[in-house]
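Below you'll find the structure, written out as structure tokens, and then a few comments.
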Amino acid sequence: GDSVTQMEGPVTLSEEAFLTINCTYTATGYPSLFWYVQYPGEGLQLLLKATKADDKGSNKGFEATYRKETTSFHLEKGSVQVSDSAVYFCALVNQAGTALIFGKGTTLSVSS
Amino acid sequence: EAGVTQSPTHLIKTRGQQATLRCSPISGHTSVYWYQQALGLGLQFLLWYDEGEERNRGNFPPRFSGRQFPNYSSELNVNALELEDSALYLCASSLVGTSGGETQYFGPGTRLLVL
């Protein structure tokens, strides 16, 4: 079945460091891919999405490119801030289009 | 525009009781999804409602049920509560089913604690 694998962390960085959170997926066809972020005590917020191969999603300095050949959707940011500390979830829409399949989440902690 | 809202924010129940959680989607959205975020288990899909009908359910027992009302709001019911039902329950809505890549927008969640 469809699945998402992402590095679990925690990832600990200093402010202004470069961030990469790896995400790979297994799915039939070409699912839409998403990154969601969850700040402490809150629900999920959509960070970015890509709906077809080679699409690049971007938002708030974060970027991810839909790589069909490597079935990956890695999240990157050039310079992280303390306010980026949160849990990041990679997700895809399942083949039937009926649900989001999530990775286990990666905790990011940024210190000043 | 108001986002997805959920009530209550917190709910405390004892084992064997029933819990009712409520969700109001973004205006114009017809699809509502429920997810469970339990400690150590990650985010798991529970139920999908669209146009008042249950369209799909995840790998959960029948004591997890719900419905969608004519105004597209939704209710999740959990009967015969067990300790392991303690979790954050997230509701999401989208314009239509997500087969076309429609984004699901999440509410803040209801934190259920079963004692």
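Only the coordinates and a few stated rules stand behind these numbers; no lab work does. Predicted, not measured: the structure shown is a model, and the values here were computed from it. Virtual Cβ from ideal backbone geometry, glycine too; neighbours counted across all protein chains shown.
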Cα-based Rg and Dmax for segment A:1-57, in Å, come out at 13.5, 38
Lysine pairs, Cα distance under 30 Å, 8 or more residues apart or cross-chain: how many in the protein assembly as shown?
18
Starting from a Cα-only point model with no solvent, please compute log10 I(q)/I(0) by Debye for segment A:14-112 at q = 0.15, 0.17 1/Å.
-0.56, -0.72
Loop only per DSSP, at most 10 neighbouring Cβ atoms within 10 Å: give me the GluC sites (Glu not before Pro) in segment A:59-101, ordered by residue number.
A:E69
Backbone HN-Hα couplings from phi across segment A:73-88 [Karplus 6.51/-1.76/1.60, Hz, Gly and Pro as x]:
8, 6, 9, 9, 8, x, 8, 7, 10, 4, 5, 7, 4, 4, 9, 10
Evaluate peptide A:96-107: per residue, the Cβ atoms of other protein chains within 10 Å of its Cβ; return the mean as an integer.
6
Whole-Hz Karplus couplings 3J(HN,Hα) for segment B:6-22, θ = phi - 60° and coefficients 6.51, -1.76, 1.60, Gly and Pro as x, run 9, 9, x, 7, 9, 8, 10, 9, 9, 3, x, 6, 10, 10, 10, 10, 10
What Kirkwood Rh does chain B have if only Cα atoms enter the pairwise 1/r average? Answer in Å.
14.0 Å
With the Cα gyration tensor of the protein assembly as shown giving a ≥ b ≥ c as the square roots of its eigenvalues, does the rule (a/c under 1.5 for rounded; else a/b larger than b/c for prolate; else oblate) give rounded, prolate or oblate?
prolate
³J(HN,Hα) across segment A:24-41 via Karplus (A = 6.51, B = -1.76, C = 1.60, θ = phi - 60°), whole Hz, x for Gly/Pro?
10, 9, 10, 7, 8, x, 10, x, 6, 10, 9, 10, 10, 10, 10, 7, x, x
Amide H proximity to A:S85 below 5 Å, modelled H, separation 5+ or other chain, gives A:V110
Looking only at other chains, what is the average number of their beta-carbon atoms within 10 angstrom of each beta-carbon in A:42-50?
5
Can you list residues whose amide H is under 5 Å from B:S86's amide H, if they're 5+ apart or on another chain and H is modeled 1.01 Å from N?
B:V114
